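Engineer: I am attaching a structure below and will ask some questions about it afterwards.
The values are calculated or read from the model by the stated rules, or taken from the named source; none is laboratory data. Fair warning: this is a prediction, and the values are worked out from it, not measured in the lab. Backbone-built Cβ (ideal geometry, glycine too); neighbour counts: all protein chains shown. Heavy atoms of the whole protein, side chains included, go into the accessibility calculation; ligands, DNA and RNA do not. Shrake-Rupley method; radii C 1.70, N 1.55, O 1.52, S 1.80 Å.
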Amino acid sequence: NLIALFKKSTLNNLFDNHPPFQIDGNFGSIAALGEMLIQANDERVVLLPALPLQLGDGSFENLFVPGGATFSLKWKDGKLTEFSAKAVLCDYHSIVIYKNKKFKLDMVKGEVANFEIYEE
């Protein structure tokens with residue numbers, strides 16, 4: 001659906017081409033892409049829950065999640081290789097999940113936590 005949205009309903013400047021201007025088309029595609037890469041609520045963060053095969057290698061930086069933190073991720077061949085979290089707005093407490101791995105974050109405002117992932 002995301003590919004169809006970009007091919008059929010999105011202009012080169014990433015605005016939605018459905019007149020009159022529909023902001024849901026612009027924000028909806030970006031929200032969908034973000035949810036494929038990271039899903040978060042006040043209690044947990046799931047990394048790469050629905051990574052499309054077409055995004056085999058990639059990264060993003062400073063994606064803001066509920067609770068006041070940002071996350072940056074890198075992946076190769078569809079697998080997470082490293083991530084970092086920064087408590088931006090306040091102290092940050094969460095469980096981070098990637099596949100069968102869990103990481104507990106208890107950070108004070110301004111703190112950065114870095115992790116490398118080793119797949120067997």
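Engineer: GluC sites (Glu not before Pro) within segment 2-100: which are DSSP loop residues with at most 15 other Cβ atoms inside 10 Å?
Structural biologist: GLU43
Engineer: Now a separate question. Quick one: divide the alpha-carbon radius of gyration of the chain by 2.2 N^0.38 Å and tell me what you get.
Structural biologist: Ratio of Cα Rg to 2.2 N^0.38 Å: 1.19.
Engineer: Carbon and sulfur: what percent of segment 34-120's accessible surface (1.4 Å probe)?
Structural biologist: With neighbouring chains kept in place, the figure for segment 34-120 is 50 percent.
Engineer: Amide H to amide H under 5 Å from LEU48: which residues, 5+ apart in sequence or cross-chain, H placed 1.01 Å off N in plane?
Structural biologist: Long-range HN contacts for LEU48: ILE38, GLN39.
Engineer: Would you calculate a helix-derived [θ] at 222 nm for the chain, using -39,500 (n - 2.57) for each DSSP H run of n ≥ 4 and dividing by the full residue count, to the nearest 500?
Structural biologist: After summing the helix terms and dividing by the residues of the chain, the value is -6000 deg cm²/dmol.
Engineer: Pick out, in residue order, every one of the chymotrypsin sites (Phe, Trp or Tyr not before Pro) in segment 35-120 that is DSSP loop and has at most 13 other C-beta atoms within 10 Å; say none if there are none.
Structural biologist: Loop-located and lightly packed - TYR118.
Engineer: For ASP42, what accessible surface area do you get with a 1.4 Å probe? Give it in Å², rounded to 10.
Structural biologist: Accessible area, nearest 10 Å²: 110 Å².
Engineer: Right, here's the next one. Using the alpha-carbon atoms, what tilt in degrees (0 to 90, nearest 10) does helix 23-37 show relative to the longest principal axis of the chain?
Structural biologist: It works out to around 40 degrees.
Engineer: Over the chain, what is the relative contact order in percent, taking alpha-carbon pairs closer than 8 angstrom and at least six residues apart?
Structural biologist: Value for the chain: 17 percent.
Engineer: Hey, another quick one. Skipping prolines and chain starts, which residues have an amide H placed within reach, meaning under 5 Å, of the one on GLU82, given they are 5 or more residues away or on another chain?
Structural biologist: Answer set, sorted by chain and number: LYS74, ILE117.
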